[in-house]
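**Student:** One structure is given below, represented as structure tokens, and several questions about it will come after.
The values are calculated or read from the model by the stated rules, or taken from the named source; none is laboratory data. All values derive from a computational prediction rather than experimental measurement. Cβ coordinates were reconstructed from backbone atoms using ideal geometry, including for glycine residues, and neighbour counts include every protein chain displayed. Side chains included, ligands, DNA and RNA excluded: accessible areas come from the protein's heavy atoms. Shrake-Rupley method; radii C 1.70, N 1.55, O 1.52, S 1.80 Å.
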Amino acid sequence: MKTMIIQGSARSEGNTKAVVTLLQQKLNADVIDLKKLDYSGFDYAHANREDDFLPTMKKLVQYDLFLFVTPVYWYSMSGLMKNFFDRITDCLKIDKETGRKLRGLKMAAVACGSDDLEAEGFFIPFQKSADYLGMTYKGSLHTWAHHGNIEPPEQVRIKEFVKTLTE
Ligand SMILES: Cc1cc2nc3c(=O)[nH]c(=O)nc-3n(C[C@H](O)[C@H](O)[C@H](O)COP(=O)(O)O)c2cc1C
């Protein structure tokens with residue numbers, strides 16, 4: 001299964017990156033770091049149609065599974081990731097060919113917080129978006145890290161989650 005991890009932290013080398021690295025090793029996945037892309041939020045006039053969003057989506061739809069990995073910022077996904085989701089609207093409006101390719105693909109989501117408390121309803125936007133786009137939602141995991149370190153029991157949970165993705 002070809003997997004693309006979409007990393008959504010406001011820093012490329014933080015706690016989310018530590019989780020991404022572990023997931024990447026276990027899934028043999030490719031990674032897109034949203035922080036390194038140049039794209040802006042949704043624009044009704046699509047004045048940003050030439051930025052990095054659409055080329056990134058065209059690449060993404062060649063994968064079987066999209067694994068979104070985001071830090072928990074104010075009980076939600078990061079702004080970078082939310083902007084990315086908002087821009088998927090472009091695929092329903094100005095690049096329908098790419099939008100149609102989403103149907104039947106798989107999605108999953110991982111959150112990285114600072115402790116083991118999962119924010120209530122955190123994963124609902126991922127689940128609902130997958131449903132709306134005709135994608136199969138493969139599941140969610142809340143995890144946490146400190147200073148780029150993931151505690152061994154947490155590493156075990158992440159590895160167990162990976163197994164459920166490849167089943
Ligand atoms: C802007 C911001 C908002 C945050 N909001 C929350 C929060 O609502 N709940 C929480 O548990 N942690 C929150 N945190 C802590 C981060 O989720 C946590 O430190 C995470 O591991 C950071 O990942 P990163 O290093 O990839 O940014 C917040 C951190 C930042 C910078």
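**Student:** What dipole magnitude, in Debye to the nearest 20, does segment 1-69 give about its Cα centre under +1 on Lys/Arg Cβ and -1 on Asp/Glu Cβ?
**Tutor:** Approximately 260 debye in magnitude.
**Student:** As a quick test, which of the pairs 35/138; 138/159; 35/101; 106/163; 35/93 have an alpha carbon distance above 20 angstrom in this structure?
**Tutor:** Working: 35/138 25 Å; 138/159 15 Å; 35/101 25 Å; 106/163 15 Å; 35/93 25 Å.
Check vs 20 Å cut-off fails for 35/138; 35/101; 35/93.
**Student:** Positive end of the charge dipole of the chain (Lys, Arg +1 and Asp, Glu -1 on Cβ, about the Cα centre): tell me which of 125, 136, 67 has its Cα farthest that way.
**Tutor:** Going by the Cα projections, it comes out as 136.
**Student:** Could you give the Stokes-Einstein D for segment 3-166 in µm² per second, using the C-alpha Kirkwood radius, 20 °C, 1.002 mPa s?
**Tutor:** 135 µm²/s
**Student:** Helix 152-166: angle to the longest alpha-carbon principal axis of the chain, degrees 0 to 90, nearest 10?
**Tutor:** 40 degrees
**Student:** Of all the accessible heavy-atom surface of the chain, with the other protein chains kept in place and a 1.4 Å probe, what percent is carbon and sulfur? Display every interim value, and only then the final one.
**Tutor:** Values: 4240 of 8760 Å².
The computed percentage sits at 48.
**Student:** Taking all protein chains together and a probe of 1.4 Å, list 86, 30, 131 from the most accessible to the least accessible.
**Tutor:** 131, 30, 86
**Student:** Measuring from the lowest to the highest alpha carbon on each principal axis, how far does segment 1-44 reach, largest first, in angstroms?
**Tutor:** Taking the Cα atoms of segment 1-44, the three principal extents are 39, 26, 11 Å.
**Student:** Length gain on complete extension for the stretch residue 114 to residue 2, per 0.36 nm per residue less the alpha carbon to alpha carbon distance? Walk me through the numbers on the way to the answer.
**Tutor:** Details: separation 112, 0.36 × 112 = 40.32 nm, distance 2.95 nm.
Additional length available on full extension: 37.4 nm.
**Student:** For residue 58 and residue 10 in one chain, what is 0.36 nm times their gap in residues minus the Cα-Cα distance, to one decimal in nm?
**Tutor:** Additional length available on full extension: 15.0 nm.
**Student:** How many Å² of accessible area per residue for the chain, probe 1.4 Å?
**Tutor:** Ligands and nucleic acids excluded, the figure is 52 Å² per residue.
**Student:** Okay, next question. So how do 118, 50 rank on accessible area, 1.4 Å probe, biggest first, that is with the largest at the start?
**Tutor:** Most to least solvent-accessible, the answer reads 50, 118.
**Student:** Within the chain, what percent of beta bridges assigned by DSSP are antiparallel, to the nearest 5? Working shown, then result.
**Tutor:** Numbers: 2 of 25 bridges.
Close to 10 percent.
**Student:** Could I ask something else about it? Kirkwood hydrodynamic radius, segment 71-132, all distinct C-alpha pairs: what's the number in Å?
**Tutor:** 13.0 Å
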